[in-house]
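This report refers to the structure that appears directly beneath it.
The values are calculated or read from the model by the stated rules, or taken from the named source; none is laboratory data. Predicted model, so just to flag it, every value in this text is computed and none were measured. Because the Cβ atoms are built from the backbone with ideal geometry, glycine has one as well, and the counts that use them run over all protein chains shown.
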Amino acid sequence: MQPDDRQREGVAPAIVYNADGDCPICLSRPELRVITNCGHVYCLSCVLDVFDHAAGQNAERPKCPICREYVHSLIDAFRDDERGSP
């Protein structure tokens, strides 16, 4: 599936914020970078830690730490060096 196909099917966000910047949770270069359906970029482990914490607080569904929109998908935006060998 190509990125433009993801957008048409409502999986990928139309806008990605801070795509080349630091993770807003750990303030480091994102490792195993993912993009939420609302377009915010995080380290996979950071955003999963936030979601685990929310689950412990009996939250119905996880929300984006930046905009508080419900997160229903995480899109793989791993760098080539993070993908490993095929």
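All but one of (1) of a type outside the set (S, T, N, Q); (2) assigned to a loop (DSSP other than H, G, I, E, B); (3) in contact (Cβ under 8 Å) with a residue 12 or more places away in the chain hold for residue 50; state the number of the condition that does not hold. All conditions are met except number (2).
Scanning segment 49-86 for residues that are of a type in the set (Asp, Glu), exposed (fewer than 13 other Cβ atoms within 10 Å of the Cβ) and over 17 Å from residue 29 (Cβ atoms) yields 52, 60. Within segment 61-81, residues that are over 15 Å from residue 23 (Cα atoms) have Cβ atoms under 7 Å from residues that are aromatic (Phe, Trp, Tyr) in these pairs: 61/70; 62/51; 63/70, counting only partners at least 6 apart in sequence or on another chain.
With the condition kept exactly as written, say whether any residue in segment 27-48 is modelled with pLDDT under 85, surrounded by fewer than 17 Cβ atoms within 10 Å (Cβ to Cβ) and more than 11 Å from the chain's Cα centre (by Cα). No; the residues of segment 27-48 include none that is modelled with pLDDT under 85, surrounded by fewer than 17 Cβ atoms within 10 Å (Cβ to Cβ) and more than 11 Å from the chain's Cα centre (by Cα).
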